[in-house]
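To start, the structure under review is shown below, and the notes come after it.
The values are calculated or read from the model by the stated rules, or taken from the named source; none is laboratory data. For clarity, every value in this text was computed on a predicted model and none was experimentally measured. A quick note on method: Cβ atoms are made from the backbone with ideal geometry, for glycine too, and the neighbour counts reach across all protein chains shown. Remember, those area values only see protein heavy atoms, side chains included, never the ligands or the DNA or RNA. Shrake-Rupley method; radii C 1.70, N 1.55, O 1.52, S 1.80 Å.
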Amino acid sequence: MGDRNDATRATSTGGTGVGTSTVTESVLGQLPPRDTTALVRGVRDRLRLAITLGEIAPGSRLNQVRLAKQLGVSRMPVRSAITELVSEGLLELAPGGGVDVRILTEKDVKDAYEIRLALEIRAVRHIAEHQPTWGLNRIEQLVAKHLPQIGHYGPSDLLAADRDFHMTILDATDNQYMRRAILPVWSTVERAMVQVLHFEGVFQNAWDEHLGIAEAMRAGDADLAEDRMRKHLGTAMVELSSMLSGEANSLA
């Protein structure tokens, strides 16, 4: 479960094995002055990243006073951010009071990836069939930008690049509800992805698959685009959920 008395355990998060960058500073540094709405959003995003990268350990109890001090804010934006992260499933209310970091389970990953499969398979088929100029160009630009450099990225950049690729696919459908539908599960997706950061070549292989998906969409081959996305996400779901299942069995 981790240390429930202190939710601010700092870690050094390694690269994927394909790069050498590490997280050397806490993501929970002080935020710059801003309006209330932006402040809550900033606190929420910092907390989400700290939980995703494991800087705040699964199962640990949040110390709101300490978090507010670390971020240089009052407790109000911390409380508001916590409420949002509870709704995302990253945090959970403890029976005896307080808030804990929710432990990621095998079922969480399978559920999140079922949503991804339903949305992203439909998205790539739509793009292949309708050939949106802006969307295809942007997807190809992202592949050209990240594929040659992915081995040099640290954890935060790896997650951000993958997020950009998949969110751009959803946006390219010109259906505003595609992105909205997937956002509630994305924190679970990234928490799962962090589990494989230390494996050699995982993200390089993922970006090779991104290239294949982009090529199929550009060629207008909807069946091939769908097949490649199904395999891309299906393989990830099986590998990530198996890892979490193995961790759970080792703790039993």
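The residues of the range 124-229 expose on average 44 square angstrom of accessible surface per residue, using a 1.4 Å probe on protein heavy atoms. Remark: relative contact order (the range 154-229) = 23 percent; criterion is Cα-Cα distance under 8 angstrom and separation of 6 or more residues.
Share of carbon and sulfur in the accessible area of the range 131-219 stands at 51%, probe radius 1.4 Å. Rounded to the nearest 20 debye, the dipole magnitude of the range 40-128 is 340 debye, with +1 charges on Lys and Arg beta carbons, -1 on Asp and Glu beta carbons, and the Cα centre as origin. Near Y113, once Lys and Arg are set to +1 and Asp and Glu to -1 for all other residues with Cβ below 12 Å from its Cβ, the sum equals -2. For L158, what charge total do you get from the other residues with a beta carbon under 12 Å from its beta carbon, if Lys and Arg give +1 and Asp and Glu give -1? Summing Lys and Arg as +1 and Asp and Glu as -1 gives -3.
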